[in-house]
Amino acid sequence: MATIMGKSGYVYVPMGVASASAGTIVPTIDTWSLAGTGDAIETTAFGTTTAVIFKSFEAGLKSITGNCAGTFDGTDGALSVVMTTLFNSATTAVNCVLNMDANHHVSVVSIITGWTVNSAVADKVTFGFDFTCTGQAIYG
């Protein structure tokens, strides 16, 4: 078994391109995460037998949220596209290809729901953005 290490990960933010091999790597993004949830829809039928004293459920709709964060680099063109979208664009949609390594990735079309830029006097400037996936995330 080959364990995938976080140091092998990278992110494409190709704005309008939803492919793991297209677009530009944003080298300054050094962390990303995804979290998924799913609804449980109760389908219990009331009755008087022992079989119906426990609730029953069906799987409902799923949703995925995530975030990316990294170091700000004013000379990185791919990061410039991200920052322009965050600050200057009327749209908040972004396509991200979140790579665990060269062979494993998750492609998401998402809506940016929040962002931060942090500037500490004695440290590097960092940025981050939160997103909610719209539609299905694709694992490949």
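The values are calculated or read from the model by the stated rules, or taken from the named source; none is laboratory data. Just so you know, these numbers come straight off a predicted model, no measurement behind them. Cβ coordinates were reconstructed from backbone atoms using ideal geometry, including for glycine residues, and neighbour counts include every protein chain displayed.
Per-structure values
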{"quantity": "Residue match in the range 114-123 (condition: under 30 Å from T3 (Cα atoms), modelled with pLDDT of 85 or more and touching a Gly at 6+ places or on another chain (Cβ under 8 Å))", "calculated": "no"}
{"quantity": "Residue that is nearest to M83 (Cα to Cα) [pool: residues in the range 113-136 that are within 11 Å of the chain's Cα centre (by Cα) and buried (at least 19 other Cβ atoms within 10 Å of the Cβ)]", "calculated": "F129"}
{"quantity": "Odd one out for L34 among (1) at pLDDT below 85; (2) on the phi < 0 side of the Ramachandran plot; (3) touching a strand residue (DSSP E or B) at 6+ places or on another chain (Cβ under 9 Å)", "calculated": "(1)"}
{"quantity": "Hits in the range 95-112 - residues which are surrounded by 15 or more Cβ atoms within 10 Å (Cβ to Cβ), in contact (Cβ under 8 Å) with a residue 40 or more places away in the chain and farther than 14 Å from L34 by Cβ", "calculated": "N95"}
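Here is a yes/no grid of residues against (1) within 16 Å of the chain's Cα centre (by Cα); (2) at pLDDT 80 or above; (3) not acidic (D, E):
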{"residue": "A2", "(1), (2), (3)": "no, no, yes"}
{"residue": "G16", "(1), (2), (3)": "yes, no, yes"}
{"residue": "G47", "(1), (2), (3)": "no, no, yes"}
{"residue": "A69", "(1), (2), (3)": "yes, yes, yes"}
{"residue": "T92", "(1), (2), (3)": "yes, no, yes"}
{"residue": "L98", "(1), (2), (3)": "yes, yes, yes"}
{"residue": "N103", "(1), (2), (3)": "no, yes, yes"}
